[in-house]
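Undergrad: Next up is a structure, given as structure tokens.
No value in this document is a laboratory result; all are computed from the given coordinates. In this text the structure is predicted, and so the values were computed from the model without any measurement. Here the Cβ is made from the backbone with ideal geometry for all residues, glycine too, and neighbour counts use every protein chain on show.
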Amino acid sequence: MTQFLELQTDAPVVIARLATGYVLDTLREGDDLKLVCDVQSNPPPMQVIWYHDNQRLEHDVSAGILLASKSLTLRELTLAHVGEYSCGATNAVGETHSPPLFIHMKYAPRCREGNERREITVARHETISLTCEVEALPDDHVRFSWTYNGTIGDVLPMPNSRVENKGLTSVLEYTLGADTDYGTLACWASNSIGRQRAPCIFNIVPAKAPQPPLDCALHNESSSLEVNCIPGSDGGSPQHFLLEVRGSFRNFGIGQIGSHTLQTPQSDQGLVGESPPIYQDMNPTPNFQLHDLEPGYDYTVYIYAINGRGKSEPALLENVRVAESIGGKMERSGIFLEDLKKALPQASSENMIIVIALTGAVALVLIGIGMIIGLAICRKRSNTPIIEGPDDFTTPTYVPAHRIEPRIRYSNENRRSQRTSLYVEENRKEPDLLNRVELDLRD
């Protein structure tokens, strides 16, 4: 009789743990660490694999990762080694992973990610607050100090009176009093593990005018023109944006359209140049809508960036023309500085002075001629006997027609005669109808 012995087979049972002699709570940055994978398996495991944050680890001496049959050794721990570790074993039945083991360590302070080095633009006599943020474990009893590395190479400690510390943050109040105050400020932190290896750096540089707006484009919308740009560097100070519209006078004269005087074609000898700004708008972003521009005329659009240090060179949009389809006057949003006829280029001021001088000379000549004629008339009038006649507003005097033979005179500005009103009875049947004539009484 044959007997069979039944053997139990299972997938591996695995546990990851610290090797003997290692205590997790005492681990520090720079220490070595060894982990062990305990495996219970029938049949025996064919392979043991280690994982860090679910990423499989490979043997790499240069990186300080040493793999043995059931162990993992990490040399000179850094913060990159922090995380979850697990192991997995495989036999003929299956594959099993251990529960994760979280590895952490104490470490000296380091700059918070993204705060390792910063450039701060500051104007002279300006006071700024510099905030230094670090990470550390343990995070209590963190101490800070600041140093100044000037432009001439000297390294000086900053007085504690300017520094305020709270937890993992230190704030320094710094005032630029002279050009020599520009340089590098370094923030150092330390805890019970040690002092941070690399400080948090603040490069203090002079503020400057902003860069011009970039990639400005014009879009013809149904009711307006839209100008859109990308902001350039702000020069280290908050910036805003200014738009100006100028009229073009090249090969154009001046004519009036609607309520604004604009250029109209005349001849090839027209004015050359541009007007001062006829329209302005200001915005915190370089995005504008143009209103109140007449269709059919050329304009130049200037877009500036402005900060506390000055104004950038303009970004230009030349030969801007409002589409005829927009038509009519558009709703006003910017500021019209003046009519275009008041915005003539400065080069035409000499012509205007000549015109004014000629006009004044002609006026003086005409006034002189008028005075001469007036004096001549006064002399003639004083030598002419005056014959009193009936007043136009008194009772009419009836003069027999056969006794006076008047000569009728009509308006003559070159001769002056004494006039009287004579009412002649034309029709006895209609005594109320009288004719008025002018008489020359010299006869």
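Undergrad: Over the range 108-206, what lengths in whole Å, largest first, do the semi-axes of the equivalent ellipsoid take, defined as the square roots of 5 times the eigenvalues of the alpha-carbon gyration tensor?
TA: Details: eigenvalues 116, 31, 29 Å².
Semi-axes from the Cα gyration tensor: 24, 12, 12 Å.
Undergrad: Testing the spin-label approximation: label points 7 Å from Cα along Cα→Cβ at E113 and D31. State their distance in nm.
TA: 2.4
Undergrad: Expressed in nm to one decimal, what extension gain is obtained for the pair S192 and E313 from 0.36 nm per residue of sequence separation less their Cα-Cα distance? It would help to have the intermediate numbers written out before the result.
TA: Numbers: separation 121, 0.36 × 121 = 43.56 nm, distance 5.37 nm.
Using 0.36 nm per residue and subtracting the Cα-Cα distance, I get 38.2 nm.
Undergrad: Could I ask something else about it? Can you tell me the Rg and the Dmax, both Å, for the Cα atoms in the range 92-160?
TA: Here Rg and the maximum Cα pair distance are 21.5, 77 Å.
Undergrad: Another question about this same structure. Among 289-295, 368-374, how do they line up by average Cβ neighbours within 10 Å per residue, starting with the highest? Mind dumping the intermediate values first?
TA: Numbers: 289-295: 19.6, 368-374: 9.9.
Output ranking for 289-295, 368-374: 289-295, 368-374.
Undergrad: Also, I was wondering about something else. Which FRET efficiency value, to the nearest 0.05, do you get for I230 and N165 by plugging their Cβ-Cβ distance into 1/(1 + (r/R0)^6) with R0 = 51 Å?
TA: 0.80
Undergrad: Separate question: Can you compute the modelled spin-label distance between L358 and N42, with each label point 7 Å from Cα toward Cβ, in nm?
TA: Roughly 12.3 nm, to one decimal.
Undergrad: Report the extension gain between A178 and A92 in nm, rounded to one decimal, defined as 0.36 nm multiplied by the number of residues separating them, less their alpha carbon distance. Please report the intermediate quantities before stating the final value.
TA: Details: separation 86, 0.36 × 86 = 30.96 nm, distance 7.74 nm.
Taking 0.36 nm per residue and subtracting the Cα distance, the gain is 23.2 nm.
Undergrad: Bin all alpha-carbon pair distances of the range 10-105 at 5 Å intervals from 0 and give each bin's fraction as a whole percent.
TA: The percentages, shortest bin first, are 3, 14, 25, 25, 18, 9, 5, 2, 0.
Undergrad: How far apart, in nm, are the 7 Å Cα→Cβ label points at C378 and R17?
TA: 13.5
Undergrad: Calculated FRET efficiency, H240 and K70, Cβ-Cβ r, R0 60 Å, to nearest 0.05? The partial results should precede the final answer.
TA: Values: r = 66 Å, r/R0 = 1.11.
According to the calculation, E is roughly 0.35.
Undergrad: Once you list every other residue whose beta carbon is under 9 Å from the beta carbon of E29, what net charge do they have if Lys and Arg are +1 and Asp and Glu are -1? Could the numbers behind the result be given before it?
TA: Details: positive: R28, K106; negative: D31, E76.
Residues near E29 contribute 0 overall.
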